[in-house]
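A short write-up of the structure that comes next.
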Amino acid sequence: MIPIPFTPFKARDFAVSLATWFQASQRDMPWRRAENFQSPYRILVSEIMLQQTTVAAVSPFFERFVARFPDLPTLAVASEADVLAHWAGLGYYSRARNLHRAAKNVMELHGGEFPDDFLSILALPGVGRYTAGAVTSIALGQRKPIVDANVARVLSRVLWIEGDLKSTKNQAKLWEGATQIVEIEEVLPREINPALMELGALVCTPKKPRCEVCPVANWCAARAKGRPEEVPFRAPKAAPTPLFDVCALARNESGEVLLRRRPSDARWWQGMWELPRTTRLEGESDFQALLRLGDELNLNLEIGEEIAHLKHGVTRYEIALKCFEVRADPSVNEDVQWFSFEAARALALPSSMKTLLAKLEIPPARQLTLL
């Protein structure tokens, strides 16, 4: 039996103080504006985008995305390529695909009307307990709890929850605490849940929490103990795994570049366009990897010099990407095509490819030197 984290008196005073602070201190975010926060669809878009991505990074993407796909029907009938093109740069592209599938699901199973109950929203592709709670509480005003990383940190300190917050026991404590807070009748669900997240983002931060300005400091066990940075428990981060990638820049006589669409079973960036690219196998040289790439895609490559390189990260991997100039005589098909640089910019491209193509968007000033 999990003990009840809050006494009723403590939960009420905590919630009222936090909501009052939020009304005066909340940041301006596009999804909090009147035209967006009462739309379950737009709150869903914002919450999916905010998964593993900062508010600052998401804000411009959110505005562009809802300008192009202002409602569920528009998103549902869009092509996946169009959706990915408007998501490009945010990363974690499975989120975009799930959002697209969710829109189609609502059109097919709910007659185009966004469901108004927690379980139906929870059943949508890519939606978990937190996201379903955020949509139902913020857009629909229902008293459903949420626990994300910010909320978990706040509650672990207020309630002094030690150990791994991902354990079954501690998850139960966190969700019970969040439930007690959102059920306080004196506060609105669409305010108190964002308030918990905002407190974690602005005040109850992972390092150097600002306890001196915290609106709920009087009810915080960690502050009372004088040890707020001791919780929550943080496991040491593993070092990123290095990968070494090579890609090929081929230009035709018109100055167009050769791009290929990544297969649907690729590890990352499925269905997105890129310069032909591969990861070096163990013991393989750059030259050997490019030859293998050419054989796999039937590109008939003649390999030149390295002309650009960059480093970027994907999940737990750190990738060193080298780009080589090549001559190619490809078998053009729907997944391997020539594009002008201007046309390429409109495609769904991984961020690393956008960066690389921007570096390369100049006519070659010399003859290709073959290796």
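Bear in mind that the values in this text are calculations on the coordinates, not laboratory data. If you're wondering where the values come from, they're calculated on a predicted model, not measured in any experiment. Here the Cβ positions follow ideal geometry from the backbone for every residue, glycine too, while neighbour counts run over all protein chains shown.
Applying the criteria of a DSSP loop state and at most 11 other Cβ atoms within 10 Å to the GluC sites (Glu not before Pro) of the range 287-347 yields Glu334.
Candidates Leu281, Phe244, Pro330 compared by Cα position along the dipole of the range 241-360: farthest toward the positive end lies Phe244, with charges placed on Cβ. Along the range 130-139 the Karplus relation, 6.51 cos²θ - 1.76 cosθ + 1.60 evaluated at θ = phi - 60°, assigns HN-Hα couplings of 4, 4, 4, x, 5, 5, 5, 7, 7, 7 Hz to successive residues, with x for each Gly and Pro. You can think of it this way: the chain between Lys359 and Asn300 has 18.8 nm of extra reach, that is 0.36 nm per residue less the Cα-Cα gap. In a simple Cβ point-charge model (Lys, Arg +1; Asp, Glu -1; nothing else charged), the chain has a dipole of about 1340 debye relative to its Cα centre. Applying both filters, DSSP loop and at most 14 other Cβ atoms within 10 Å, to the GluC sites (Glu not before Pro) of the range 172-265 gives Glu185, Glu186, Glu253. Quick check: pseudo-label points 7 Å beyond the Cα along Cα→Cβ at Ala172 and Leu119, how many nm apart are they? Result: 2.2 nm between the two label points.
Computed extension gain for Arg210 through Glu284, at 0.36 nm per residue and net of the alpha carbon distance, reaches 21.5 nm.
Taking a ≥ b ≥ c as the square roots of the eigenvalues of the Cα gyration tensor of the range 241-360, is the shape rounded (a/c under 1.5), prolate (a/b larger than b/c) or oblate? Judged from the Cα gyration tensor, the range 241-360 comes out rounded (a/c under 1.5).
The separation of the range 50-128 from the range 232-309, counted between C-alpha centres, amounts to 29 Å.
Label the range 96-186 by shape, choosing from rounded, prolate and oblate, from the square roots a ≥ b ≥ c of the eigenvalues of the Cα gyration tensor; if a/c is under 1.5 it is rounded, and otherwise prolate applies when a/b is larger than b/c, oblate when it is not. Here the range 96-186 falls in the prolate category.
Could you work out the longest stretch of the chain that avoids the trypsin sites (Lys or Arg not before Pro) located in DSSP loops with at most 13 other Cβ atoms within 10 Å? With trypsin sites (Lys or Arg not before Pro) excluded where exposed in loops, the chain gives 34-165 as its longest stretch. Every Cα-Cα pair in the range 161-212 was counted, and those over 13 Å apart are 67% of them. Can you work out the PRE-style zone for Gln270? Point 7 Å along Cα to Cβ, and I want the residues of the range 87-105 with backbone N under 11 Å. Output list for this probe position: 93-95, 97-98. Among the GluC sites (Glu not before Pro) in the range 1-94, none is located in a DSSP loop while being surrounded by at most 14 other Cβ atoms within 10 Å of its own Cβ. Applied to the range 228-236, the Karplus parametrisation 6.51 cos²θ - 1.76 cosθ + 1.60 on θ = phi - 60° returns per-residue 3J(HN,Hα) values of x, 7, 7, 10, x, 4, 10, 6, x Hz, with x for Gly and Pro. For the Cα atoms of the chain, what angle does the longest principal axis make with the long axis of helix 189-202, in degrees from 0 to 90, nearest 10? Around 70 degrees separate the two axes. Once you order the gyration tensor axes a ≥ b ≥ c over the Cα atoms, which shape class does the range 21-68 get: rounded for a/c under 1.5, otherwise prolate or oblate by comparing a/b with b/c? Oblate, because a/c is 1.5 or more while a/b does not exceed b/c.
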